[in-house]
Amino acid sequence: MYDTCNPIMKTVFLLLLLFLPAHGLLNATEPAETAPEEYLTIEKAKQTALENNPGVQQALARVRSAKAILGQAYASWFPTISAGGGYFYRHIDMQPDWQPDTRVKEDIRETAGNLELNWLLFNGFARRAETLAAKYGVEQAKKTYVDTQRLLTESVATAYYQAQLARENIRIAEKNAEFNRALEKNAMTRREIGTAPRSEMLNFSIRTVQAESDSIQADRNYTIARTVLAELMGAAGSEPDIAPSPAGENREIGDTIPSYEQVFAAALENRPDLQAVEAGINAAVQRKNAAKGSWLPSIGLTAGLNYTKQTGADPVQAERNRYAGVTASWDIFTGGKRSRVFQQKKAEVYALEAEKQRKILSIQSGIRQAIASAEAAREQWKRQENALKMTQQVRDDIKLLYTTGSATLTRLNEAQTDLVRAEVLAASSKVQYLLALEKIHSESGAILNSSLPKKNIGSIEKDRENQEHKKYISDNR
């Protein structure tokens, strides 16, 4: 039970309360400053992910594979030269028909060698179509590589902003805890001199514990977001040693959202996944054309040299012969196989054309959804920012009234709860707006303009080959 019979002490204490909040409670609204740390910017996170993420390296390996297939197609335009030879031991035991009374037994050693050239001259234009299909295959692999980068940068942005939001929630929870600790200390002092009940002190103790619990949850979310971000960046190590910059350090957020027509026009020009489908259609058309070549004959040039020498018999025999000519083959009937193969390739073209239409519809839908989300998030963010300013002012006024005894504890609790909620909503709406803008850029394909490494695919492949060579040398020392 607190004392109500000491009016002098009450008056002195109330006078002290008029001055103490200016230094104690007001300073409690901001967490203590910590030593500055080196923050990770979103641009650096994207760049690191593009350089180290295994998915990008896998897509680059597919480009190299497609180029190797193209090299195989080019090789079919050149002749094939083959050589062969051998050394043989022969034991002959025979009775010639023309000398039935004679039996021949000899050991003969034979040396043989041959050199042959074969050159395909014509196969119904199938070779040309196969080469073009391989070229489009390289183009498709390159576009898929770029699309892998586009999707990766979008994922990095999502993880980065989620980490920023979690970090902001940690700051809000810590600020809330500091505020309630200051009021708890104030209530404890007033209870000791008999001007406040124990329940008032416990009220602030409970709210401090709740704020600390919110901070622990936010710290967990922050760790998870950093872990996901580290995975996307290809960072090694068991603990993610990365710290995204605070939410307040984001670049200036634009207020203009592009129109649907602008984004869709950019998507038709820039979207690598759409370009990959188009390259796939061109490759499929060429494979269909190659299938037509099976109805025409194949014509080739052949030439060669054979040499054989036998020793051990008398006399020694040596033979040399040279030949050259033109060969032709034509499959007249295959049981309908050629027609079925052609129909298969034709169906594959139709399937990819339908895939292109599906992709365009998906892009249109994605753009509309992204713009709608961005517009809603922008309006919510503006309103939440305004609501936060007003809620902060209300909380500060109620706190001052409470310290002078003009406002109830219940009203102060409500004001502080409203402030925490407003801060969380403002931070969340800001992150949602940033993510919506990133989504629009990703849908347009423009997200890579500032994120791609300043190297072409050839340079990146060369760097990768050099790294693999150095690793091979290091592993075999």
- Looking at the stretch 267-278, is at least one residue of a type outside the set (D, E, K, R), more than 30 Å from Ile108 (Cα to Cα) and surrounded by fewer than 16 Cβ atoms within 10 Å (Cβ to Cβ)? yes
- Message: Name the single residue that is surrounded by the fewest Cβ atoms within 10 Å (Cβ to Cβ) among those in the stretch 115-158 being polar (S, T, N, Q) and over 11 Å from the mean Cα position of the chain (by Cα).
- Response: Asn118
- In the stretch 70-112, the residues that are among the aliphatic types (A, V, I, L, M) and touching a Gly at 6+ places or on another chain (Cβ under 6 Å): Ile108, Ala112
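One line per residue, one yes/no per condition, for (1) under 30 Å from Pro244 (Cα atoms); (2) out of contact with any helix residue (DSSP H, G or I) (no Cβ under 6 Å at 6 or more places or on another chain):
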position	(1), (2)
Phe342	no, no
Gln357	no, yes
Gln380	yes, no
Asn386	yes, yes
Leu401	no, yes
Thr417	yes, yes
Leu434	yes, no
Glu438	yes, no
- Item | Sole residue being among the small types (Gly, Ala, Ser), within 26 Å of Trp119 (Cβ to Cβ) and without any contact (Cβ under 8 Å) to a residue 24 or more places away in the chain, chosen from Ala291, Ala324 | Ala324
- Looking at the stretch 86-104, is at least one residue touching a Leu at 6+ places or on another chain (Cβ under 7 Å), surrounded by 10 or more Cβ atoms within 10 Å (Cβ to Cβ) and either outside any strand (DSSP E or B) or of a type in the set (Lys, Arg) (or both)? no
- Working only within the stretch 275-322, note down all residues that are within 21 Å of Phe78 (Cβ to Cβ) and part of a strand (DSSP E or B). Ser298, Ile299, Gly300, Leu301, Thr302, Ala303, Gly304, Leu305
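Just one of Tyr136, Tyr160 is in contact with a strand residue (DSSP E or B) (Cβ under 7 Å, 6 or more places away or on another chain) and modelled with pLDDT of 90 or more; which is it?
Tyr160
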- Provide a single number: the residues in the stretch 64-106 that are of a type in the set (A, V, I, L, M) and under 16 Å from Glu130 (Cβ atoms). 6
- Out of the residues in the stretch 309-331 that are modelled with pLDDT under 85 and of a type in the set (A, V, I, L, M), state the one that is surrounded by the most Cβ atoms within 10 Å (Cβ to Cβ). Ala313
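The values are calculated or read from the model by the stated rules, or taken from the named source; none is laboratory data. Please read all numbers here as calculations on a predicted model, not as lab measurements. Every residue, glycine among them, receives a Cβ derived from its backbone with ideal geometry; neighbour counts consider all protein chains shown.
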